[in-house]
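Here's the structure, in structure tokens; my notes come after.
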Amino acid sequence: MFIIRADGNGKIGMGHVMRCMSVAYSLQEMGQQPVFLTACEESRETIEKNGFPVHMLPTDYTQMETEIPYIRELLPQLRTGMGEKELPINGKNTVTAKKPDVILLDSYQVTEKYVMKLRELAMLAYIEDLGISMPVDLLINYNIYGMRFYYRTIPDVELKVLLGTEYMPLRREFAYDLDYELRPEVKNIMLTTGGADPCFVSKNFLNAFLRCKEVIERDIKIHVVSGPYNIYVDQLKRIFGKNEHIIIHENVSSMKELMKQCDIVVSAAGSTVYEVCALGVPLICFHYVENQRMIDEMLPNILPVKSAGDYTKAPVYVSRRAAGILQEYIENKELREQLYEEERKLVDGQGARRVANAMIDLSKEYWKDAKNRN
């Protein structure tokens, strides 16, 4: 049985849930039936809309250790509901023994104490961004900086690691049909800040972009993606809703199709940048939270992508710098061609399938161990 534990809400965004759903789709395509656990109502709604079974935990998502008793009671119920029988745990030490179930964890609230308790119930896979070791069985850091970290584990547990962008679990739509036409002139630009825009980055960026001579003279359209947790969406509409150069998008059904319509994407340095690179749309990045910083700093070191920098330190300067880079991209067709070629080499859209395969291989260890014992 494969269980996915992830949360998403207006404060932390939906990135954790979205990448886990990509893995869930891959597991499903391989004949498995993944089940989600979450402590956030917003997560439950999103997961259910995508057709996966999900169970709400009656706990605070920031206090994960309190949910262990509920998960302990829930696992046998889930097994019964899926028509699976309860199986013995191989080995005397339940912490290091092989278990029949695999739980995929994806949360910044995970603690070592939580993981050690959960190890008694299942084998663990963990999606990790910040270089923090955890006593799990499988660790995934799909980021461009993933290989910079050294991960340790507990004695007698063989830690398997999946590092680098080949394991990036892009949203399902980015697993296929990645053809993109690089057009000779820039006519459409996308601006996205992620699921939320807590610093109202879009306001300063748009004001700066509208001062770009090329944007006005070439009648370039700026497509602003307002995520589901953007608390400033009404202000965004009030300030820019009538501007002929700006189109505000809400409830976007296909980010891939919108990206394909655009000639440049300006994006916060989260998971979206990997989706942009999968298509090869010329990218400008920036960051406003810590978990975006390492991507934002490293991406220009391996690709000709340019970064506007840390918005929180100098909002006006970063907005103007982004506009300056935008002007350069618009005027330089050769640079856009180079970006297209280099970005597409970074990620191929098959990362979710590779992670799902690794989880299935992990579950096979229980049966292999049981066979050897018998």
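The values are calculated or read from the model by the stated rules, or taken from the named source; none is laboratory data. Model, not experiment: these values are computed from the prediction. Cβ sites come from the backbone with ideal geometry, for glycine too, and all protein chains shown count toward neighbours.
Points to keep in mind about this one:
- Contacts under 7 angstrom Cβ, first residue in the range 304-329 being modelled with pLDDT under 95, partner surrounded by 17 or more Cβ atoms within 10 Å (Cβ to Cβ) and aromatic (Phe, Trp, Tyr), 6 or more apart: none
- Qualifying residue in the range 349-361 (condition: without any contact (Cβ under 8 Å) to a residue 60 or more places away in the chain, exposed (fewer than 15 other Cβ atoms within 10 Å of the Cβ) and more than 19 Å from Leu170 (Cβ to Cβ)): yes
- Top-ranked residue of the range 249-266 - restricted to ones that are surrounded by 19 or more Cβ atoms within 10 Å (Cβ to Cβ) and in a strand (DSSP E or B), ranked as farthest from the chain's Cα centre (by Cα): Ile264
- Qualifying residue in the range 149-159 (condition: outside the structural domain of Ser253 (by TED's automatic domain parsing), farther than 19 Å from Leu75 by Cβ, among the aromatic types (Phe, Trp, Tyr) and modelled with pLDDT of 95 or more): no
- Annotation: Ala196 fulfils all but one of (1) at pLDDT 90 or above; (2) under 18 Å from the mean Cα position of the chain (by Cα); the unmet one is (1).
- In this entry, Val318 passes the filter for residues that are at negative phi and out of contact with any Leu (no Cβ under 9 Å at 6 or more places or on another chain).
- Condition met for Gly324 (touching a Lys or Arg at 6+ places or on another chain (Cβ under 8 Å) and surrounded by fewer than 21 Cβ atoms within 10 Å (Cβ to Cβ)): no
- Under the condition of being under 20 Å from Ser202 (Cβ atoms), in contact with a strand residue (DSSP E or B) (Cβ under 9 Å, 6 or more places away or on another chain) and part of a helix (DSSP H, G or I), the residues counted in the range 288-317 number 5.
- In the range 19-32, residue farthest from Asn357 (Cα to Cα) [restricted to those that are crowded, with 20+ Cβ neighbours inside 10 Å and among the aliphatic types (A, V, I, L, M)]: Met21
- Qualifying residue in the range 318-336 (condition: of a type in the set (Val, Ile, Thr) and not in a helix (DSSP H, G or I)): no
- Single residue of the range 294-311 satisfying the filter (farther than 27 Å from Glu185 by Cβ and among the charged types (D, E, K, R)) that is surrounded by the fewest Cβ atoms within 10 Å (Cβ to Cβ): Glu297
- Qualifying residue in the range 158-173 (condition: of a type in the set (S, T, N, Q) and in contact with a Pro (Cβ under 8 Å, 6 or more places away or on another chain)): no
- In the range 227-240, residue nearest to Met18 (Cα to Cα) [restricted to those that are modelled with pLDDT of 95 or more and either in contact with a Leu (Cβ under 7 Å, 6 or more places away or on another chain) or exposed (fewer than 13 other Cβ atoms within 10 Å of the Cβ) (or both)]: Asp234
- Residue selected from the range 225-241 under the condition of a type in the set (A, V, I, L, M) and outside any strand (DSSP E or B), by the criterion nearest to the chain's Cα centre (by Cα): Ile231
- Among (1) in contact with a Ser or Thr (Cβ under 7 Å, 6 or more places away or on another chain); (2) of a type in the set (Gly, Ala, Ser); (3) at pLDDT 95 or above - the single one Gly15 does not satisfy: (3)
Residue-wise test of (1) more than 17 Å from the chain's Cα centre (by Cα); (2) buried (at least 16 other Cβ atoms within 10 Å of the Cβ).
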{"position": "Asn243", "(1), (2)": "yes, no"}
{"position": "Ala268", "(1), (2)": "no, yes"}
{"position": "Thr272", "(1), (2)": "no, yes"}
{"position": "Val276", "(1), (2)": "no, yes"}
{"position": "Val281", "(1), (2)": "yes, yes"}
{"position": "Lys313", "(1), (2)": "yes, no"}
{"position": "Val318", "(1), (2)": "yes, yes"}
{"position": "Glu334", "(1), (2)": "yes, no"}
